[in-house]
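As structure tokens, the structure follows; a few thoughts come after it.
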Amino acid sequence: MKETSQISYSNGTKSNVLIAYFTGADNMTQDDLDAVSSASVKVVGKEIVGNTEYAAMKMQELTHGDLFSIQTEKLYSQNYTLSTIQALGEQILNIKPDLVSHVDDFEQYDVILLGYPAWWMDVPIAIEEFLEEYDFSDKTVIPFTTHVSSGLGDTVEKIQKLIPEADVLSGISIQEEELNNNLEQSLSRQLAGYVVE
């Protein structure tokens with residue numbers, strides 16, 4: 001991991017860190033959505049959150065960055081199989097969903113932690129749309145993905161191609177079992193090269 005781009009704590013002032021993430025729970029139909037029948041979601045307190053959102057929340061605790069949920073106009077099915085088929089169709093046909101959430105003052109951020117599930121070993125199309133919307137010149141991007149077994153797949157290389165003007169680092173891989181066991185410890189270790197105490 002490269003250590004030259006460091007994250008600094010905000011200490012109640014403006015943060016230089018944006019934790020932007022795409023998660024199923026924020027982009028699925030909410031009818032009958034629950035953490036038992038729906039993949040990639042979990043209960044935190046009394047709320048249902050997506051796995052990637054949960055990882056982003058833990059990263060915020062460690063970095064004090066600003067959270068931002070990437071949300072699409074067209075929703076995905078809460079059924080895991082149907083949602084992955086929809087995602088595959090978007091990738092094959094290059095169908096770009098419209099985003100309904102947008103970052104204010106994007107230029108204030110030096111470091112972007114970019115989170116997503118690894119769908120079919122690739123980034124969700126919504127991530128591509130997000131990357132095309134902003135100027136990433138002189139930004140440091142640290143991808144992170146939640147997955148069952150695929151790791152980062154080819155996602156880091158894809159992001160590097162989409163935003164060649166940015167410094168895209170090697171990325172953080174979060175396996176599903178880590179979400180339930182020692183996630184904070186794992187993230188602390190993986191972010192250690194970037195975090196200024």
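Below is a table of values for the structure above.
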read-out: Gained length - Ile95 relative to Glu132, 0.36 nm times residue gap less alpha-carbon distance; value: 11.9 nm
read-out: Nearest-0.05 FRET efficiency for Leu67 and Ala192, computed from C-beta distance (R0 30 Å); value: 0.90
read-out: Most positive-pole-ward Cα, Phe136, Leu169, Asn182, against dipole of segment 80-194 from beta carbon charges; value: Asn182
read-out: Gyration tensor verdict on segment 82-197 (Cα atoms; rounded if a/c is under 1.5, prolate if a/b is larger than b/c, oblate otherwise); value: oblate
read-out: Residue (of Trp120, Thr52, Thr63) at the positive-pole extreme of segment 51-197, dipole from beta-carbon charges; value: Trp120
read-out: Extension reserve of the Trp120-Glu165 stretch, reckoned as 0.36 nm per residue once the Cα distance is removed; value: 13.6 nm
read-out: Ranked by how many other beta carbons lie within 10 Å on average, peptides 88-95, 77-84 from highest; value: 77-84, 88-95
read-out: Solvent-accessible area per residue, Å², over segment 49-180 with all protein chains present [probe radius 1.4 Å]; value: 44 Å²
read-out: Semi-axis lengths, Å, segment 50-133, gyration tensor of Cα atoms, sqrt of 5 times eigenvalues; value: 24, 16, 11
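The values are calculated or read from the model by the stated rules, or taken from the named source; none is laboratory data. All values reported here derive from a predicted model rather than from experimental measurement. When we count neighbours, we look across all protein chains shown, and the Cβ atoms used for this are built from the backbone with ideal geometry, even at glycine. For the accessible areas, the whole protein counts, side chains as well, though only heavy atoms, and no ligand, DNA or RNA atoms are used. Shrake-Rupley method; radii C 1.70, N 1.55, O 1.52, S 1.80 Å.
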